[in-house]
Amino acid sequence: QACFASLVSQDYVNGTDQEEIRTGVDQCIQKFLDVARQTECFFLQKRLQLSVQKAEQVIKEDVSELRNELQRKEALIQKHLSKLRHWQQVLEDISVQHKKPAEMPQGPLAYLEQASANIPAPMKQT
């Protein structure tokens with residue numbers, strides 16, 4: 001709140017230079033970071049106390065986190081496998097489409113050429 005208050009305060013709006021505003025904001029940010037460090041230290045101390053007093057609870061939490069991570073990774077693997085199957089099918093469909101034009105003639109002229117190639121040549125009389 002102090003960071004925002006210093007930015008919107010009437011004291012800074014009415015004729016204060018940029019350097020003074022910057023210094024005030026830097027001080028507010030530093031105070032905020034100090035409070036954040038103190039809060040983090042508090043929670044780390046509580047975590048340490050909990051790990052000493054109830055070690056089995058910490059192990060249960062770790063196991064739970066590992067299970068959640070495994071489930072997340074398994075879901076990710078399934079997603080990638082699904083995409084892989086899709087693209088394999090796309091590639092297979094493309095390869096089948098490229099083979100079909102060679103097997104089936106296109107248009108009436110191509111059909112006649114293929115049909116005439118199957119007619120046996122006349123035998124020469126000697």
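The values are calculated or read from the model by the stated rules, or taken from the named source; none is laboratory data. Model, not experiment: these values are computed from the prediction. Cβ: placed from backbone, ideal geometry, glycine included. Neighbour counts: every protein chain shown. Side chains are part of the model used for accessible areas, which takes the heavy atoms of the whole protein and leaves out ligands, DNA and RNA. Shrake-Rupley method; radii C 1.70, N 1.55, O 1.52, S 1.80 Å.
Do we find that Q71 is exposed (fewer than 10 other Cβ atoms within 10 Å of the Cβ) and either in contact with a Ser or Thr (Cβ under 6 Å, 6 or more places away or on another chain) or at negative phi (or both) in this structure?
no
For residues that are modelled with pLDDT of 90 or more and of a type outside the set (D, E, K, R), scanning just the stretch 50-72, find the one that is farthest from the chain's Cα centre (by Cα).
In this case the residue turns out to be V63.
Which of the residues belonging to the stretch 33-68 are open to solvent by 100 Å² or more (accessible area, probe 1.4 Å) and of a type in the set (D, E)?
Those that are open to solvent by 100 Å² or more (accessible area, probe 1.4 Å) and of a type in the set (D, E): E40, E56, E65.
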